[in-house]
Amino acid sequence: MEQISEHVWWLPPGPPDRPSLCAVVGERRTLMLDAGASRAHARLLLDALPRRPDAVVYTHSHWDHVLGAVEVGGLVIAHALTAERLRELAACDWTDDGLDARVAAGLSSPQHAENVKEELPSPRTVEVMPADIVFADRIDIELGGVTARVRHVGGAHADDSCVVFVDPDGVLFLGDALCDAIDERLRTAVRSFGARLHVEGHHEAVTSAAELEEVLTDPSTAENAP
Ligand SMILES: [Zn+2]
């Protein structure tokens, strides 16, 4: 756990597929950015905080970003599309057999099944915390001296992808929004924040504006852009 700006704490990603988590600590409220892959993953962040988060916002509905919420216990804030996907996630068969059947049917990758098995050993109980507060396009969360501005950006990785700009810290929490092909619309949306620091879901380091520009203009991501 590392403090990366006045109000933002960052727990870097880890194996098997744990994404970055952040906590934004305001004078009145604390907000967690993504909930993590499991109770154990969320616990790592919770144990390092002076107080329990009042709420968590999901960047998108992928399991590794949401399944830790049951350990957080606060309100869940999510985009309408994410809220819908959470219901599908809750209805999934999470047993080893169920995971293997989805791989066999081509619905998920073998790597996905392996990661779930490692993060949540069998027999596993998967509790998907549904959204308490659902927003359509954007929502601002006032924490006291600091504001989390959540914006839906969509994109190739997940159509429900949202990013969170922490104001005035100038930190942009990106979830997995840049994990797949980046088109001009997404590039413009990300640049529009003019953030100083960027936290990506599965990237080992916090990136500067210059480093982010390299990601945005990387030919391997631009080749799929319209
Ligand atoms: Zn994802």
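The values are calculated or read from the model by the stated rules, or taken from the named source; none is laboratory data. What you see is a predicted model; the values in this text were computed from it and never measured. For neighbour counting, all protein chains shown are included, and Cβ atoms are generated from backbone atoms with ideal geometry for every residue, glycine included. Accessible surface is based on the protein model in full, side chains and every heavy atom, while ligands, DNA and RNA are left aside. Shrake-Rupley method; radii C 1.70, N 1.55, O 1.52, S 1.80 Å.
Which of the helices (runs of 4 or more DSSP H) contained wholly in region 1-92 include at least 1 residues that are in contact (Cβ under 8 Å) with a residue 12 or more places away in the chain and within 15 Å of the ligand (Cβ to nearest atom)?
39-47, 63-66, 80-91
Does GLU114 satisfy being of a type in the set (D, E, K, R), closer than 16 Å to ARG39 by Cα and either more than 16 Å from the ligand (Cβ to nearest atom) or at pLDDT 95 or above (or both)?
no
Kindly establish whether GLU211 is surrounded by fewer than 16 Cβ atoms within 10 Å (Cβ to Cβ) and either part of a loop (DSSP other than H, G, I, E, B) or in contact (Cβ under 8 Å) with a residue 24 or more places away in the chain (or both).
no
Failed condition for VAL128, given (1) more than 16 Å from the ligand (Cβ to nearest atom); (2) in contact with a helix residue (DSSP H, G or I) (Cβ under 8 Å, 6 or more places away or on another chain), with all others met?
Just one mismatch for VAL128, condition (1).
Of VAL103, VAL190, which residue is away from the ligand (no atom under 14 Å from the Cβ) and either under 17 Å from the mean Cα position of the chain (by Cα) or at pLDDT below 95 (or both)? Steps first, please.
Working: VAL103 fails: either under 17 Å from the mean Cα position of the chain (by Cα) or at pLDDT below 95 (or both).
Being away from the ligand (no atom under 14 Å from the Cβ) and either under 17 Å from the mean Cα position of the chain (by Cα) or at pLDDT below 95 (or both) holds for just one of VAL103, VAL190, which is VAL190.
Could you tell me how many of the residues in region 52-69 are open to solvent by less than 30 Å² (accessible area, probe 1.4 Å) and farther than 18 Å from ILE141 by Cβ?
Final tally of qualifying residues: 5.
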